[in-house]
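Laboratory data are not the source of any read-out in this text; all were calculated from the coordinates shown. These numbers come from a predicted model, not from an experiment. Using ideal geometry, Cβ is built from the backbone for each residue, glycine included, and neighbour counts are taken over all protein chains shown.
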Amino acid sequence: MKSERLVILVTPEQKRSLARRAKALDLSVAELVRRSAEGAGDRESERTLMALAAELQKAVKGSRAALRAALAETEATLKQVRARRDDRKVA
């Protein structure tokens, strides 16, 4: 059987919850996630997965916006530092 890697992001609490559930079932976290995904035909699991995907998309958008803002602020700060350095060279 050919395998492929799937990387997902979860909160620290979600990771702990998955670890507790897996341990209680005597499974690895990966096996628990695989089994959960295979049982996604169940309405509750499907809704949960969809909600998690929506949260992830929202978090990614927020992270990208925060990174753009941080980069803009960093560039503005560097511009100020360069201007001060150039002013000192002239003086």
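Quick check on this structure: which one of GLU44, GLU73, GLU31 is surrounded by 10 or more Cβ atoms within 10 Å (Cβ to Cβ), within 30 Å of SER3 (Cα to Cα) and of a type outside the set (Phe, Trp, Tyr)? Before the answer, list the steps.
Details: GLU44 fails: surrounded by 10 or more Cβ atoms within 10 Å (Cβ to Cβ); GLU73 fails: within 30 Å of SER3 (Cα to Cα).
Just one listed residue meets the conditions, GLU31.
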Legend entry - Some residue of the stretch 1-12 being surrounded by 11 or more Cβ atoms within 10 Å (Cβ to Cβ), assigned to a helix (DSSP H, G or I) and in contact (Cβ under 8 Å) with a residue 12 or more places away in the chain: no
Inset, instruction - Scan the stretch 18-31 residue by residue and report those that are more than 20 Å from the chain's Cα centre (by Cα) and either of a type outside the set (Asp, Glu) or on the phi > 0 side of the Ramachandran plot (or both). - result: ARG20, ARG21, ALA22, LYS23, ALA24, LEU25, ASP26, LEU27, SER28
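If the requirement is being exposed (fewer than 11 other Cβ atoms within 10 Å of the Cβ), of a type in the set (A, V, I, L, M) and in a helix (DSSP H, G or I), which of these qualifies: ALA65, ALA19, ALA53, ALA37?
Working: ALA19 fails: exposed (fewer than 11 other Cβ atoms within 10 Å of the Cβ); ALA53 fails: exposed (fewer than 11 other Cβ atoms within 10 Å of the Cβ); ALA37 fails: exposed (fewer than 11 other Cβ atoms within 10 Å of the Cβ).
After ruling out the rest, the residue left standing is ALA65.
Tell me whether the stretch 82-89 contains one or more residues that are aliphatic (A, V, I, L, M) and under 24 Å from the mean Cα position of the chain (by Cα).
At the first step, the residues of the stretch 82-89 found to be aliphatic (A, V, I, L, M) are 83.
Next, only the ones that are under 24 Å from the mean Cα position of the chain (by Cα) stay: none.
No, there is no match, as no residue in the stretch 82-89 is aliphatic (A, V, I, L, M) and under 24 Å from the mean Cα position of the chain (by Cα).
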